[in-house]
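Participant: Before I ask anything, here is the structure I am working with.
The values are calculated or read from the model by the stated rules, or taken from the named source; none is laboratory data. Owing to the predicted nature of the structure, the values given are computational and were not obtained by experimental measurement. Don't worry about glycine lacking a Cβ; one is built from the backbone with ideal geometry, like all the others, and counts go over all protein chains shown.
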Amino acid sequence: MSKYFGTDGFRGEANVNLTVEHAFRIGRFLGWYYSQGHKAQIVIGKDTRLSSYMFEDALSAGLAASGADVYLLHVTTTPSVSYVVRTEDFDCGIMISASHNPYYDNGIKLLNGDGEKMEDAVIDEVEKYLDGKLPEAPYATRENIGHVVDYSAGRNRYIGYLISLATQSFRGKRVGLDCANGSTWQIAKSVFDALGAETYVIHNTPDGVNVNLNCGSTHIESLQKLVVDEHLDVGFAFDGDADRCLAVDEKGRVVNGDHIMYIYARYLKEQDKLRNNTVVTTVMSNFGLYKALDELGIRYEKTKVGDKYVYENMRENDHLIGGEQSGHIIFLKYANTGDGVLTAIKMMEVMLKKKTTLSALAAPMHMYPQVLKNVIVTDKEKTLASDAVKAAVEKATEELGEDGRVLLRASGTEPVLRVMSEANTFAICEHHVDAIIEAMNQAGYLIRVK
């Protein structure tokens, strides 16, 4: 486990456990690291939170001080940074965002020259530099000091790319967009307007402290109300940096990431275009998705939680579609990361091509009730290895049979085990989760349920 960087970058409360000094030193190291033998070129994007501007300045200063040229995309999405890096001659990309977290948090996401999440080997070196375990990077001097330049043209190219991916006009469709007061506050409307949709946009007035505040993909209620009140055909909600998207159908019901994967995988299979006949999910996807894919004869693979692991599986095995229930959906033919606006475009494509509603597309997949409880224990490994706990999990699995499942997994950052069950009713889920927790208690490892 890395000290600073998790599966989605270095994240923490701004100027508490993620400071401008951290950002400056990350810039200093990356500017030096990528300047071996040539003038490094590094692109930076940011979301709308108040601290993103100071982190942008600190990173730029560190990079330029080490001799790298810095290209600023300004307020933009994480997938746009990935797109610009992989389609132009940049050494790496940096996105300043804490995604769906509240405004007082922020994060630094590093992308390699292919627009993918940075390799662990480079992250390890960055962390060593932050901890003073590597020599200080030399300062560039005179003409070797890096330039810091405006590169909003890169963001505009990305917008053009998204528009080019639509297979037909959206004219006649009434579409709601919840921009979460974040990175899509200008981009999403620009794309949908250009494609001819009649757009209804909410939460597109960022002020630095309202990103994700009771809006976006983590608080979708206001978009549901908008769709129903305005009689819209569909709605799409993004998070702070727009690498995820959830949808709302014309009846105001949420269509989550599992639904989206089901809808698009079925669409591709019907055209005989679902390469390898496989969808990549995490272990937290709903049991209902797997049942629905089974009925279609579509295979699936399960990874650890995190879109990083989904992408790695897709890249290694050449699968086309994968993602998470939260709305991180990766369309490997078009992007190397989850992309909320791209996801919305792809859902519009299916609706238009099949000439039907989103509710009809999602209807065949039945979401199973789910109960998830976080349990603080004295020792995660010993609890998982306990015979009593193993027996409780095995008993639940046997009793559920093909009508549900249980999952027990450890948190990567806390002394917490996550106990989850899916079954035909919430009561059955609750029964099995509580039985496993009681086994932890009887074995002497339980501290409390969070």
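Participant: Here's a check for you: in segment 40-77, which residue that is part of a helix (DSSP H, G or I), of a type in the set (A, V, I, L, M) and over 16 Å from Asp105 (Cα atoms) is nearest to the chain's Cα centre (by Cα)?
Facilitator: Ranking the qualifying residues of segment 40-77, first place goes to Leu59.
Participant: Further, regarding this structure: Tally time: how many residues in segment 243-265 are free of Cβ contacts under 8 Å to residues at least 60 places away in the same chain and in a helix (DSSP H, G or I)?
Facilitator: 1
Participant: Got a sec? Which of Gly113, Gly154, Gly176 is buried (at least 22 other Cβ atoms within 10 Å of the Cβ), modelled with pLDDT of 95 or more and within 22 Å of Ala61 (Cα to Cα)?
Facilitator: Sole residue among the options that is buried (at least 22 other Cβ atoms within 10 Å of the Cβ), modelled with pLDDT of 95 or more and within 22 Å of Ala61 (Cα to Cα): Gly154.
Participant: Would you check which residues across segment 294-314 are farther than 28 Å from Glu270 by Cβ and of a type in the set (Lys, Arg) and list them?
Facilitator: Lys304, Lys308
Participant: What number of residues in segment 93-110 are in a loop (DSSP other than H, G, I, E, B) and buried (at least 18 other Cβ atoms within 10 Å of the Cβ)?
Facilitator: So the answer is 6.
Participant: What single numbered condition from (1) farther than 22 Å from Val406 by Cβ; (2) touching a helix residue (DSSP H, G or I) at 6+ places or on another chain (Cβ under 6 Å); (3) crowded, with 19+ Cβ neighbours inside 10 Å fails to hold for Met314?
Facilitator: (2)
Participant: Just to check your reading of the model, which residue among Gly27, Gly12, Gly31 is crowded, with 23+ Cβ neighbours inside 10 Å and closer than 24 Å to Ala242 by Cβ? Talk me through it step by step, then tell me what you get.
Facilitator: Numbers: Gly12 fails: crowded, with 23+ Cβ neighbours inside 10 Å; Gly31 fails: closer than 24 Å to Ala242 by Cβ.
Exactly one residue qualifies, and that residue is Gly27.
Participant: How many residues does segment 343-376 hold that are assigned to a strand (DSSP E or B) and acidic (Asp, Glu)?
Facilitator: At the first step, the residues of segment 343-376 found to be assigned to a strand (DSSP E or B) are 370-376.
Subset that is acidic (Asp, Glu): none.
Residues meeting the conditions: 0.
Participant: Under the condition of being under 18 Å from Lys304 (Cβ atoms) and either part of a loop (DSSP other than H, G, I, E, B) or among the charged types (D, E, K, R) (or both), which residue from segment 409-421 is modelled with the highest pLDDT? Explain how you work it out, then say what you get.
Facilitator: Here is the first cut: in segment 409-421, the ones under 18 Å from Lys304 (Cβ atoms) are 409-414, 416-420.
Next cut, either part of a loop (DSSP other than H, G, I, E, B) or among the charged types (D, E, K, R) (or both) only: 409, 411-414, 418.
Details: Arg409: 88, Ser411: 79, Gly412: 67, Thr413: 62, Glu414: 74, Arg418: 93.
The selected residue is Arg418.
Participant: Among the residues of segment 319-342, write down those that are within 22 Å of Gly93 (Cα to Cα), not charged (D, E, K, R) and not in a strand (DSSP E or B).
Facilitator: His328, Leu332, Tyr334, Ala335, Asn336, Thr337, Gly338, Gly340, Val341, Leu342
Participant: Which members of segment 346-362 meet the condition of being out of contact with any helix residue (DSSP H, G or I) (no Cβ under 6 Å at 6 or more places or on another chain) and more than 19 Å from Ile220 (Cβ to Cβ)?
Facilitator: Result: Glu349, Leu352, Lys353, Lys354, Lys355, Thr356, Ala360.
Participant: Among the listed residues Ser169, Ser152, which satisfies the condition of being under 30 Å from Gly67 (Cα atoms), touching a residue at least 24 places away in the same chain (Cβ under 8 Å) and not acidic (Asp, Glu)? Write out each step before concluding.
Facilitator: Working: Ser169 fails: under 30 Å from Gly67 (Cα atoms).
Result of the check over Ser169, Ser152: Ser152.
Participant: Another question about this same structure. Any idea which of (1) surrounded by 20 or more Cβ atoms within 10 Å (Cβ to Cβ); (2) modelled with pLDDT of 95 or more; (3) not aliphatic (A, V, I, L, M) is the one Phe287 doesn't satisfy?
Facilitator: Unmet condition: (2).
Participant: Looking only at segment 163-179, how many residues end up being within 18 Å of the chain's Cα centre (by Cα) and in a helix (DSSP H, G or I)?
Facilitator: Number satisfying all stated conditions: 0.
Participant: Of Gly196, Gly160, Gly216, which residue is outside the structural domain of Leu50 (by TED's automatic domain parsing), buried (at least 17 other Cβ atoms within 10 Å of the Cβ) and either of a type in the set (Gly, Ala, Ser) or at pLDDT below 95 (or both)?
Facilitator: Every option except Gly216 fails the conditions.
Participant: Among (1) in a helix (DSSP H, G or I); (2) more than 30 Å from Glu301 (Cα to Cα); (3) touching a residue at least 24 places away in the same chain (Cβ under 8 Å), there is one condition Gly182 misses while meeting the rest; what is its number?
Facilitator: Single failed check for Gly182: (1).
Participant: Mind checking which residues of segment 58-82 are among the hydroxyl-bearing types (Ser, Thr, Tyr), in contact with a Lys or Arg (Cβ under 8 Å, 6 or more places away or on another chain) and under 22 Å from Arg11 (Cα atoms)?
Facilitator: Residues satisfying the conditions are Thr76, Thr78, Ser80.
Participant: Further question on the same structure: The conditions are (1) of a type in the set (A, V, I, L, M, F, W, C); (2) in contact with a helix residue (DSSP H, G or I) (Cβ under 6 Å, 6 or more places away or on another chain); (3) more than 23 Å from Val209 (Cα to Cα), and Met118 fails exactly one of them. Which is it?
Facilitator: It fails just one condition, (2).
Participant: Would you point out the residue of segment 117-171, among those that are out of contact with any strand residue (DSSP E or B) (no Cβ under 9 Å at 6 or more places or on another chain) and hydroxyl-bearing (Ser, Thr, Tyr), that is farthest from Arg28 (Cα to Cα)?
Facilitator: Ser169
Participant: Looking at Val228, Val211, which one is at pLDDT 95 or above and either within 19 Å of Tyr83 (Cβ to Cβ) or buried (at least 24 other Cβ atoms within 10 Å of the Cβ) (or both)?
Facilitator: Working: Val228 fails: either within 19 Å of Tyr83 (Cβ to Cβ) or buried (at least 24 other Cβ atoms within 10 Å of the Cβ) (or both).
Just a single option satisfies the conditions, and that option is Val211.
Participant: Continuing with the same structure: Out of segment 196-223, which residues are over 19 Å from Ser52 (Cα atoms) and β-branched (Val, Ile, Thr)?
Facilitator: Thr199, Val201, Ile202, Thr218, Ile220, listed by residue number.
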